[in-house]
Amino acid sequence: MQDVAIRGLSVGNNQPLTLIAGPCQLESADHAQMIAGTLAEICQRTGAQFIFKGSYDKANRTSLSGTRGLGMEAGLKILEGVRAAFGCPVLTDIHEREQCAEVASVVDVLQIPAFLCRQTDLLIAAGETGAAINIKKGQFLAPWDMANVASKVASTGNNRIMLTERGVSFGYNTLVTDMRSLPTMARTGYPVVMDATHSVQQPGGQGNSSGGQREFAPVMARTAVSLGIAAVFIETHQDPDNAPSDGPNMIYLDQMDRLITSLMAFDALAKADPLRP
């Protein structure tokens with residue numbers, strides 16, 4: 001098992017739980033700081049490590065009418081402001097290899113979207129930045145296939161890699177999560193992350209947008225954390241039903257305190273008997 005050092009944090013399957021959380025889309029500087037501040041305070045009090053996430057572009061929206069986001073320039077300014085205000089690492093998605101170097105000059109973690117996880121040129125360009133790389137497992141991949149994906153990044157000499165489970169396609173507009181995938185991916189030696197909110201997404205389930213079952217997101221988080229993983233990924237919003245994207249699967253911000261508190265209790269139990277993949 002190896003840990004990934006990220007701006008003073010040590011993210012690993014045997015380390016205290018890391019929360020990767022924030023809104024789906026960045027909406028404004030004030031909104032990002034409000035959510036980041038709320039989560040940072042909870043994490044400091046509960047002992048969770050915290051990485052703020054926010055996307056400047058949602059390039060894989062269900063339909064052309066879907067709101068894409070603020071764009072890279074505005075989004076990076078917001079993320080830079082969050083990091084300066086709260087001292088926490090920040091994470092965002094990249095979609096093209098040309099974005100990698102510029103984004104890595106501001107953020108601490110580059111995230112490879114699930115649909116792009118086998119794009120060799122993107123993975124290599126991301127790895128070459130030296131930033132930590134969080135790779136979401138494609139909805140079409142088996143967990144053991146992620147060893148090949150990680151090796152593309154590692155070929156650049158960058159082993160600061162995390163692997164994220166976010167469910168697998170099961171028929172139309174439905175995802176399921178096989179919890180065996182978490183210890184399976186842990187066999188690579190890299191930190192494993194559970195994406196609790198996208199795993200309850202219903203892709204394209206509302207015709208022109210995706211649906212979701214947010215009531216099951218805490219269930220997915222607690223189940224995964226009880227295994228002793230490195231991190232849990234959660235999208236949150238104060239008013240998910242009016243968020244620009246992924247509202248149906250985001251957790252209400254005012255529910256995060258209780259959830260994180262319970263996750264830390266599960267994490268303490270799990271880390272007392274570490275994951276043995």
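Farthest toward the positive end of the dipole of the range 79-202, out of N158, G171, L122, is the Cα of G171, where the dipole comes from beta carbon charges about the Cα centre. With the whole protein complex present, K58 retains an accessible surface near 30 Å², based on a 1.4 Å probe. About the centre of its Cα atoms, the range 130-260 shows a dipole size close to 580 debye [charges on the beta carbon of Lys, Arg (+1) and Asp, Glu (-1) only; nearest 20 debye].
Highest mean packing first, where packing is the average number of other Cβ atoms within 10 Å per residue, the peptides 3-16, 130-143 line up as 130-143, 3-16. The phi-based Karplus calculation (6.51 cos²θ - 1.76 cosθ + 1.60; θ = phi - 60°) puts the 3J(HN,Hα) values of the range 98-115 at 5, 7, 4, 5, 5, 5, 5, 6, 10, 9, 8, 10, 8, 10, 8, x, 4, 5 Hz, whole numbers, x for Gly and Pro. Projecting the Cα atoms of S28, S55, P191 onto the charge dipole of the chain, computed from C-beta unit charges around the Cα centre, puts P191 farthest toward the positive end. Cross-link reach is defined here as a Cα-Cα straight distance under 30 Å, omitting same-chain residues fewer than 8 places apart; for K58 the lysines meeting it are K77, K136, K137, K152. By a 1.4 Å probe calculation restricted to protein chains, R68 has an accessible surface near 120 Å², given to the nearest 10.
Positive end of the dipole of the range 220-277 (Cβ unit charges, origin at the Cα centre): among L259, Q238, L227, the Cα lying farthest that way belongs to L227. Express the carbon and sulfur contribution to the solvent-accessible surface of the chain as a percent, rounded to the nearest whole number, probe 1.4 angstrom. For the chain, the apolar C and S fraction of the accessible surface comes to 49 percent. For the range 122-194, a crude dipole built from +1 on the beta carbon of Lys and Arg and -1 on the beta carbon of Asp and Glu, taken about the Cα centre, is about 60 debye to the nearest 20. Across the range 1-159, counting alpha-carbon atoms alone, Rg and Dmax equal 15.4, 43 Å. Taken one residue at a time, the phi angles of the range 189-200 give Karplus couplings (6.51, -1.76, 1.60, θ = phi - 60°) of x, 8, x, 10, 10, 10, 8, 6, 8, 5, 5, 10 Hz. Gly and Pro are set to x.
The calculated 222 nm mean residue ellipticity attributable to helices in the chain amounts to -9500 deg cm²/dmol, summing -39500 (n - 2.57) over DSSP H runs of n ≥ 4 and dividing by all residues.
Solvent-accessible surface of the chain, averaged per residue with a 1.4 angstrom probe and all protein chains in place: 40 square angstrom. The label-point distance for E102 and M179, in a model that sets each label 7 Å from Cα toward Cβ, rounds to 4.3 nm.
Taking Rh as the Kirkwood radius computed over C-alpha pairs, what is the Stokes-Einstein D of the range 137-277 at 25 °C in a medium of viscosity 0.890 mPa s, expressed in µm² per second?
156
Sequentially through the range 4-19, phi angles give Karplus couplings (6.51, -1.76, 1.60; θ = phi - 60°) of 10, 7, 9, 6, x, 9, 10, 9, x, 5, 10, 9, x, 4, 9, 9 Hz, Gly and Pro residues having no value and appearing as x.
Note on Cα extents along the principal axes in Å: of the candidates (1) 44, 43, 41; (2) 55, 40, 38; (3) 56, 46, 41, the value calculated from this structure sits at (1). For the chain, a simple Cβ point-charge model (Lys and Arg +1, Asp and Glu -1, everything else neutral) yields a dipole of about 680 debye relative to the Cα centre.
The values are calculated or read from the model by the stated rules, or taken from the named source; none is laboratory data. Keep in mind that what you see is a predicted model, and the values were worked out from it rather than measured. A quick note on method: Cβ atoms are made from the backbone with ideal geometry, for glycine too, and the neighbour counts reach across all protein chains shown. For the accessible areas, the whole protein counts, side chains as well, though only heavy atoms, and no ligand, DNA or RNA atoms are used. Shrake-Rupley method; radii C 1.70, N 1.55, O 1.52, S 1.80 Å.
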